[in-house]
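*Asks:* My questions will all concern the structure given below.
The values are calculated or read from the model by the stated rules, or taken from the named source; none is laboratory data. All values reported here derive from a predicted model rather than from experimental measurement. Cβ coordinates were reconstructed from backbone atoms using ideal geometry, including for glycine residues, and neighbour counts include every protein chain displayed.
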Amino acid sequence: MENNNNLPLNEQESLKELTPEQKSNRQLAERLFPEDLPSIESLLTRYPDRELPKGAMVTRIAPSPTGFMHIGGMYMALISCRLAHQTNGVYYLRIEDTDQKREVEGARKVVTDSLHKFGLDPDEGEGINGVEKGAYGPYRQSERKDIYKSFIKHLVEIGRAYPCFCSEEELEATHKKQEELNVKSGYYGVWAKYRNADPNIVEEMLNQGKPYIIRFKSLGSNENKIVYNDLLKGQIELPENDLDLVILKSDGLPTYHFAHVIDDHLMGTTHVLRGDEWLSSIPLHRELFKAFEFKCPEYAHIAPINKIDESGGKRKLSKRKDPEANISFFGENGYPEVAVVEYLMNLANSNFEDWRKANPDKLYTEFQLALKKLPDSAGPLFDRVKLNDIAKEKIAGMKAEDLYAKVLDWSSKYDPDFKEILEKDPEYWIKVFSIDRGGNKSRKDITMWSEVKEISAFFNKDRFIEPDWSSFTSKLNTDEIKSIISQYDLVFSLDDSSDKWMEKIKQIAVNFGFAPDTKTYKKNKESFRGHVGEVAQIIRFAITGRTQTPDLYQIMQVLGEEECRKRLTLI
RNA sequence: GGCCUUAUCGUCUAUCGGUUAGGACAUUGCCUUUUCAAGGCAAGAAGCCGGGUUCGACUCCCGGUAAGGUCACCA
């Protein structure tokens, strides 16, 4: 059995020899936490140091379950994952659900599913099946209440934490007063009402059942500086923390600051990668680590992904205003996940794209991500155009079969109509997707799966719409266009080789006063009305209703003779 | 307002005192081409401002300016 007050026996025996202050602290701790809590010693044994090879990094991603997976969170997860795995370390997931107000149903699943989708499943913590793995759990902060309480109780015992009964109004009032007096605002020094409160008063408040929170008793001074070395930003001088900040909320859950210190210590995190909004909390966190005599992890404070806002300023991608802030945006539009990942890799280490160019076939995980090369600037702007380019490149490199599978998968979720069309004749659609695909001259015309239906609409024989010739501009008149098409209808054969096919179009072009190729045309522009391209364009438009398509010869091969004839006689 | 961070082509960035300031995306042009793409080649495009230090500064220092962050019982 645990003893109740977490004290080694010999100290318990010498309880009587404590100073009055120590004694009262211990009584207070007992009064505040009468429940049976695990002892610090037992916790420290329960979470032993990790046995990892030298240089191994233990990283984590610690989202709060808001039902929304931010692209910035994914960026952080990617970097954390790469760094840990590159060093044979551990990358784990911890759910930071200490804010009950923000609790959203099914939010954890959004996190695990998103991570899974992008190939960033954690080594420890909750997986897609909802089951936790790993020996350093539980990995949900709401399930670690007793752990936090044990440590807070310890802090009270040693006089480094105390209850505060201030109401919201009271706090606001001090803040106002501080503003009037033009002094630093916050709960500190003389402004910390309950910092050195009379034990009797505290006891009375407690007896009255007054609501309270627990504050950390800071020993720092705003006048002093601490020197901190950020993995990204280098050496930074910050003022010491002197605020008695809340560590345990009235709902019995810890604040981020406290949970961070306890969890990252117990779980053996070596490198904390987090948003740079945390940078100014470093003095507090350092003091907290010191209070427990824990070793401080290394930190890298990473700037968020931004966008230009309405007024021209930079702002973090916003959950409410920017659809692309939500990682699900990319799935809904049908971006290949790997394109998003590689875009993010590029943001993380700008030399990634050079590596990618030199190693087009390697997995991105073979790239050595350098912590030192993470940008230490103010935060990049999200560049959809650049992402699009990467996506096009990725899709162009895919096999027709894989493309079919991906588009089918996407459609079954977001476009059942297209799914049905695709499933009707898989072989046909794979042939469609094979056009201009493979080799190094693949078309880069698809950015996301959602575009495929529209781009390949003319391949859908059942729904082919008669081309709208009024939108077609040509130096040829309607009669000539009609004549070209009917002439072509007479001569074309699907048995023709691509050369022969070309020959026939050239012949028609010549009949109508066009040069058979661009070279001839350019040499002697005056003698021709144009070159064969313009005639081919007419046939293209008749067959597809479009001016931009892949190779027309192959299109006709896939469409088949009957369909081609049908379309050539429509006009 | 205090404290902290950041500042190079339109965008992401390289450079760690001496470079014609490099690359990628985007843009434009040319070549190639049956169209459209792709591809190849090329062009335009940048050191916030002002002071220092130095033989020499994008790089180091100081000041200004601008942008971002932080100053919660949210993380």
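*Asks:* Name the residues in region A:27-72 that are surrounded by fewer than 21 Cβ atoms within 10 Å (Cβ to Cβ), part of a helix (DSSP H, G or I) and of a type in the set (G, A, S), would you?
*Replies:* A:S42
*Asks:* Right, another one. Going through A:F458, A:F514 one at a time, which residue ends up being in contact with a helix residue (DSSP H, G or I) (Cβ under 8 Å, 6 or more places away or on another chain), of a type in the set (F, W, Y) and either farther than 29 Å from A:D425 by Cα or near RNA strand B (Cβ under 10 Å from one of its atoms) (or both)?
*Replies:* Going through A:F458, A:F514 in turn, just one is in contact with a helix residue (DSSP H, G or I) (Cβ under 8 Å, 6 or more places away or on another chain), of a type in the set (F, W, Y) and either farther than 29 Å from A:D425 by Cα or near RNA strand B (Cβ under 10 Å from one of its atoms) (or both): A:F514.
*Asks:* While we're on this one: Run down A:D479, A:D495, A:D499 and say which single residue is more than 11 Å from RNA strand B (Cβ to nearest atom), surrounded by fewer than 16 Cβ atoms within 10 Å (Cβ to Cβ), assigned to a helix (DSSP H, G or I) and outside the structural domain of A:S434 (by TED's automatic domain parsing).
*Replies:* Result of the check over A:D479, A:D495, A:D499: A:D479.
*Asks:* Hey, another quick one. Going by the conditions given, is A:Y256 closer than 21 Å to A:K373 by Cα and modelled with pLDDT of 95 or more?
*Replies:* No, not satisfied.
*Asks:* While we're looking at this one, here's another question. Evaluate the following for A:G334: is it of a type in the set (G, A, S) and out of contact with any Phe, Trp or Tyr (no Cβ under 6 Å at 6 or more places or on another chain)?
*Replies:* Spelling it out, it is not the case that A:G334 is of a type in the set (G, A, S) and out of contact with any Phe, Trp or Tyr (no Cβ under 6 Å at 6 or more places or on another chain).
*Asks:* Turning to a different aspect of this structure: State whether one or more residues within region A:203-226 are within 13 Å of RNA strand B (Cβ to nearest atom), buried (at least 17 other Cβ atoms within 10 Å of the Cβ) and without any contact (Cβ under 8 Å) to a residue 40 or more places away in the chain.
*Replies:* no
*Asks:* Against the definition (surrounded by fewer than 19 Cβ atoms within 10 Å (Cβ to Cβ), under 30 Å from A:M267 (Cβ atoms) and touching a strand residue (DSSP E or B) at 6+ places or on another chain (Cβ under 8 Å)), how does A:K319 come out, yes or no?
*Replies:* yes
*Asks:* Right, something else. For region A:154-178, name all the residues that are farther than 22 Å from A:E204 by Cα and more than 39 Å from the chain's Cα centre (by Cα).
*Replies:* A:A173, A:T174, A:K176, A:K177, A:Q178
*Asks:* Sticking with this one: State whether one or more residues within region A:415-425 are within 14 Å of RNA strand B (Cβ to nearest atom), free of Cβ contacts under 8 Å to residues at least 12 places away in the same chain, surrounded by fewer than 16 Cβ atoms within 10 Å (Cβ to Cβ) and not acidic (D, E).
*Replies:* For region A:415-425, residues within 14 Å of RNA strand B (Cβ to nearest atom), free of Cβ contacts under 8 Å to residues at least 12 places away in the same chain, surrounded by fewer than 16 Cβ atoms within 10 Å (Cβ to Cβ) and not acidic (D, E): absent.
*Asks:* Restricted to region A:227-252, and to residues that are among the hydrophobic types (A, V, I, L, M, F, W, C) and closer than 23 Å to A:L374 by Cβ, which residue is surrounded by the fewest Cβ atoms within 10 Å (Cβ to Cβ)?
*Replies:* A:V227
*Asks:* In addition: Could you grab me the full set of residues in region A:143-172 that are free of Cβ contacts under 8 Å to residues at least 12 places away in the same chain, within 13 Å of RNA strand B (Cβ to nearest atom) and assigned to a helix (DSSP H, G or I)?
*Replies:* Within region A:143-172, A:E168, A:E169, A:E172 meet the criteria.
*Asks:* Within region A:77-110, which residues are over 25 Å from A:L232 (Cβ atoms), within 18 Å of the chain's Cα centre (by Cα) and buried (at least 17 other Cβ atoms within 10 Å of the Cβ)?
*Replies:* Residues satisfying the conditions are A:I95, A:A107, A:R108, A:V110.
*Asks:* Continuing with this model, one more query. Against the conditions (1) surrounded by 12 or more Cβ atoms within 10 Å (Cβ to Cβ); (2) over 19 Å from A:L32 (Cβ atoms); (3) of a type in the set (S, T, N, Q); (4) within 11 Å of RNA strand B (Cβ to nearest atom), where does A:T255 fall short? Just the number, please.
*Replies:* A:T255 satisfies all of (1) surrounded by 12 or more Cβ atoms within 10 Å (Cβ to Cβ); (2) over 19 Å from A:L32 (Cβ atoms); (3) of a type in the set (S, T, N, Q); (4) within 11 Å of RNA strand B (Cβ to nearest atom) except (2).
*Asks:* Right, another one. Specify which of the listed residues (A:T547, A:T520, A:T473) is in a loop (DSSP other than H, G, I, E, B), more than 30 Å from A:Y404 (Cβ to Cβ) and within 14 Å of RNA strand B (Cβ to nearest atom).
*Replies:* From the options A:T547, A:T520, A:T473, the qualifying one is A:T473.
*Asks:* Oh, and also: Would you mind stating whether A:I484 is outside the structural domain of A:D436 (by TED's automatic domain parsing), within 12 Å of RNA strand B (Cβ to nearest atom), touching a Phe, Trp or Tyr at 6+ places or on another chain (Cβ under 9 Å) and not in a loop (DSSP other than H, G, I, E, B)?
*Replies:* The answer is no for A:I484.
*Asks:* Moving to a separate point now. Identify, from the list A:S450, A:S470, A:S442, A:S434, the residue that is of a type in the set (S, T, N, Q) and closer than 20 Å to A:G331 by Cα.
*Replies:* A:S450
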